[in-house]
Structures are given as C-alpha cells and as structure tokens.
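The values are calculated or read from the model by the stated rules, or taken from the named source; none is laboratory data. Remember, predicted model here, so these are calculated numbers, not experimental data. With ideal geometry, Cβ positions are generated from the backbone for all residues, glycine too; neighbour counts draw on all protein chains shown. Areas reflect the complete protein model, heavy atoms only, side chains present, ligands, DNA and RNA absent. Shrake-Rupley method; radii C 1.70, N 1.55, O 1.52, S 1.80 Å.
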Amino acid sequence: MTASEPQTVQALLAWYEAMGVDEAIGEAPVDCFAALPLELSGPEPLFQPRGVAKPPRPSVVAARPAATASLVDRSAIGQASSLAELEALVAAFEGCALKRTAKSLCFARGNQKARIMLIGEAPGRDEDLQGKPFLGRAGQLLDRMLAAIGLAESQVYITNTIYWRPPGNRTPTPQEVEACAPFLARQIELLSPDVLVLLGGAAAKSILGTSEGIMRLRGKWLTYQCAGRSIATLATLHPAYLLRKPEEKRYAWRDLLMVKEALVPK
Ligand code: URA
C-alpha cells in the first residue's frame, strides 16, 4: 500500500481525528481575513436581505476594518418579532468574523415556548457540524442533568453567548461576545422565560455583566432585567467543566434542585 492510496489516506485522517486534530491548519499562520476584498465606497452592509443579489465587487480592494458591535443595526434586532425572524437576522449578520470560519450557525435547540432558557459559552465541533448548541459530550451531560430534574429537550430552550464555533474551540474574544450580545438579549426577550440558567463563567459574564467568578456567582438567585420584567436567573457550573471535574457535580446538583423548585407552579 502506498501513501497515496485512498485507504491509507482515510486511515491517516481517522487517526488524526482520534488524536483530536479536527482542523486543517498549516505550518505557518495565515490571516484569512487580511485579503478579504472591500468596496472602497464603504463597508459591506452588515445585513444582506434574502433574495437580494449582491452587487459585483469592484476590482480595487482595501483592507476590511473590523466590524464591531456598534455597527449592529440595533433597531432591526429590536423589531424582530419572532425567534425565527431573529435567527434570520443572525444568519445575515456579517459583524462577527467567526461566521467565516464556522461551518454552521448554531442558533438554538429546544422548545420556543419553554419556561426555562439555558445559555452556554460557544458551539464546539459537534455543534458546528450539526448546527445546534450542546450536542457533543458536554451537551449529552447537560441533557442527563436536565433529565435528572425531569426536564426533556421539549421543555427547555438552549443557546450560547455566541452563535458560531471559534476555531479550534478557543475561548471567544470579548469582541465576539459583544457582537452577538444584542441578538442574545433580544432572544431572551422574545422567549421571555420564567427561569434563565447561565452555564459557566462566560455566560454569566456576558449576561450579568460581571467579572465575579462562577464559584461565587453560582447557587444563588439573581435577576436579569428584560423588557420591564425581572427574570429569575441562576448561574451554575458548565457541563464541560463538570466532565473535567466530576467531583464538583454536587454543586451543579444543588443548583439544579433550585431550578426544579422554581419551576413548580405556585
Ligand atoms: N457546546 C455548546 O453548544 N456550548 C458550550 O458552551 C459547550 C459545548
């Protein structure tokens, strides 16, 4: 068998995958965004309405300035009157560079009428491949944790602080979180849950705007103000952390029991 035979190549790829190599990365760093063309007359619109053909690009190009949250059309986000409309806006949004390296948009999974909304950090490889949050090992643990307090997928709504996978599962940058934050705020407003659960420090930081560590924040009821409502909010440990530190599951269990209690109709 020679190195170029399909079986050899397949075996090599399978071995790479088993070793955790799931990205095609070269020896030298490549700035994939540096060469992106841009019309000199101004930046590309952040929203590209469906069905509207993009005008042809002129041949003169210049470096693209980084899109920031301040360029987000906040009024369009505020006017989204359903989660489906909001998802379409996220899909058309060009202000988060992760969109260009991710395979899929991971907007949410679960029930849009759920009373409980859970927010994690960022999609990983499995989520990126399948286009939904929390499908990998951490997601499977999350499903088991929810099942332990009697909640099925049809009773919860799950999303993340950002909607695209960061390359190599790196931590999202503050700019990436900030770019997605107005969408997430509207997502909470539209779902309007009775209980909000923040999975891990990144979600707690983004939603509560605090730099307090998750160990100090977890296990107590907080409030998230949204459209004139105070939503009961609980921060807890992230399932990916619990996979690494199973001995800490007892804290998450206490938090889950608080959630269960809060969902009992009074
Ligand atoms: N998968 C997600 O969708 N979010 C996380 O925070 C971790 C894994």
Relative contact order %, region 74-263, counting alpha carbon pairs below 8 Å whose residues are six or more apart: 24
Cβ-defined net charge surrounding residue 110, 10 Å radius [Lys, Arg +1; Asp, Glu -1]: +2
Charge context of residue 198, other residues only, Cβ under 11 angstrom, K/R +1, D/E -1: 0
Solvent exposure of region 74-263 as accessible area per residue, Å², 1.4 Å probe: 44
Antiparallel bridge percentage (DSSP; both residues within region 74-263; nearest 5): 35
Calculated from backbone phi, Karplus (6.51, -1.76, 1.60) coupling profile of region 117-131 in Hz, x at Gly/Pro: 10, 10, 10, x, 8, 7, x, x, 5, 4, 5, 5, 5, 10, x
For residue 160, residues with placed amide H under 5 Å, excluding near neighbours: 120
Listed residue (163, 105, 233) projecting farthest to the positive dipole end of region 74-263, Cβ model: 233
Long-range HN-HN contacts of residue 219 with modeled amide H, under 5 Å: 235
